[in-house]
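Student: Pasting in a structure now, in structure tokens, and then I'll have a few things to ask.
The values are calculated or read from the model by the stated rules, or taken from the named source; none is laboratory data. What you see is a predicted model, and the numbers here were worked out from it, not measured in a lab. For neighbour counting, all protein chains shown are included, and Cβ atoms are generated from backbone atoms with ideal geometry for every residue, glycine included. The area values use the complete protein model at the heavy-atom level, side chains included, leaving out ligands, DNA and RNA. Shrake-Rupley method; radii C 1.70, N 1.55, O 1.52, S 1.80 Å.
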Amino acid sequence: MEAAQDRLTQAMTARAAQAGRLTELRRLRDAEDPGAAETRLREATERYAALPVPERNVTKDDVSAAKNTEGGVRLELEGTDRDIQRAHGALEQVGGSVARERLRDAMEAFELAQQQEREDEANYEAWKLLLDQLKEADAAQASKLGLAIAHAIASRFQALTDRRYETVRLTATLGTEGVVAAGAVRPSERISVGTREQLSTLYRLSLAEYLQTVVVLDDQLVQSDESRMDWFRALLKEKCRSFQIIVFTCRPRDYLEKAAMVPRGKGLYAVTDDGFTRAVDLGRALARGQVSAPW
């Protein structure tokens with residue numbers, strides 16, 4: 001009876017366990033969606049049917065051999081990566097050294113350029129100072145020269161124009177500011193071309209006389225009338241005794257007296273006024289190939 005009672009107890013315990021398991025299975029069954037499961041099964045079946053049929057069945061030995069081959073390739077890849085890393089390290093070391101050397105060279109070149117720039121600035125300032133001083137000296141000399149010759153120009157201009165103009169205004173740089181007529185300054189642009197030519201000739205003659213140097217006139221008075229040419233002819237004859245005056249002209253009678261002209265014939269030049277006036281016929285001289293006549 002005791003043995004039967006033990007078996008009964010065990011049977012009842014097993015029955016209770018099976019009942020609990022059955023209850024759990026029923027709960028899981030109720031939680032499942034048979035329609036969705038059937039749909040997933042059908043899709044999986046279709047995907048499986050669409051897979052290509054292998055040429056041969058792969059055995060476990062084939063899989064093991066492929067894994068071994070993969071391991072060897074991985075080892076080779078790791079070795080190649082290590083070699084690449086070592087090469088990168090060496091390249092960075094070499095590149096860094098070269099870069100530092102280039103940087104040092106660039107800094108040295110930059111310092112030399114800065115030094116050259118400072119020297120150029122110093123030279124520029126020195127030349128600028130010299131230029132300013134030369135300009136000041138030139139302006140002072142020009143002003144002094146203008147004061148020295150202004151009176152001579154003005155007096156001769158008055159004599160030339162029969163005192164129609166009172167005086168001549170000169171700038172600090174020896175430029176002509178204008179002429180004074182009836183107490184007012186008249187710009188040089190407002191006087192006639194002939195008068196401007198005459199004033200320019202007086203200016204050049206006065207400057208040459210002051211500096212005691214030669215002056216060259218190239219048909220300077222083509223717009224002047226006969227009376228004023230007579231006046232200039234006398235002035236040139238007077239001043240040629242003090243400094244040399246060279247006149248190029250195709251109208252020699254405007255500048256020379258009749259007795260001073262080169263005579264007709266074969267003569268090339270004529271000397272008058274005790275040797276102070278020499279007339280040369282350049283046309284004849286060039287035609288004969290002789291240009292060594294005395295000046």
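Conditions tested, residue by residue: (1) modelled with pLDDT of 85 or more; (2) closer than 27 Å to ILE149 by Cβ.
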residue: ALA181; (1), (2): no, yes
residue: ARG233; (1), (2): yes, yes
residue: LYS239; (1), (2): yes, yes
residue: ILE245; (1), (2): yes, yes
residue: PHE248; (1), (2): yes, yes
residue: ARG284; (1), (2): no, no
residue: SER292; (1), (2): no, no
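Student: Give all pairs with beta carbons closer than 9 Å in which a residue from segment 269-295 that is under 14 Å from ARG241 (Cβ atoms) and open to solvent by 100 Å² or more (accessible area, probe 1.4 Å) meets a residue that is among the aliphatic types (A, V, I, L, M) and at pLDDT 80 or above; count only pairs at least 6 apart in sequence or on separate chains.
Tutor: Between residues of segment 269-295 that are under 14 Å from ARG241 (Cβ atoms) and open to solvent by 100 Å² or more (accessible area, probe 1.4 Å) and residues that are among the aliphatic types (A, V, I, L, M) and at pLDDT 80 or above, the close pairs are ARG278/ALA260; ARG278/ALA270; ARG278/VAL271.
Student: Could you check GLY267 against (1) more than 26 Å from ALA152 (Cα to Cα); (2) under 57 Å from the mean Cα position of the chain (by Cα); (3) not in a strand (DSSP E or B) and say which number it fails?
Tutor: Status for GLY267: all satisfied but (2).
Student: Regarding ARG253, is this residue in contact (Cβ under 8 Å) with a residue 24 or more places away in the chain and either under 19 Å from GLN198 (Cβ atoms) or open to solvent by less than 80 Å² (accessible area, probe 1.4 Å) (or both)?
Tutor: no
Student: Filtering segment 196-241 down to residues that are over 17 Å from ILE153 (Cα atoms) and of a type in the set (Gly, Ala, Ser), which residue is least open to solvent (accessible area, probe 1.4 Å)?
Tutor: Filtering first and then ranking leaves SER224.
Student: Identify, from the list LEU28, LEU8, LEU22, LEU41, the residue that is aliphatic (A, V, I, L, M) and open to solvent by 100 Å² or more (accessible area, probe 1.4 Å).
Tutor: LEU41
Student: To continue, here is another question. Where in segment 171-222 are the strands (runs of 3 or more DSSP E), entirely inside, with at least 3 residues that are within 23 Å of ALA234 (Cβ to Cβ)?
Tutor: 215-218
Student: Taking the condition out of contact with any Leu (no Cβ under 6 Å at 6 or more places or on another chain), open to solvent by less than 70 Å² (accessible area, probe 1.4 Å) and either at pLDDT 85 or above or on the phi < 0 side of the Ramachandran plot (or both), does ALA14 pass?
Tutor: Yes, satisfied.
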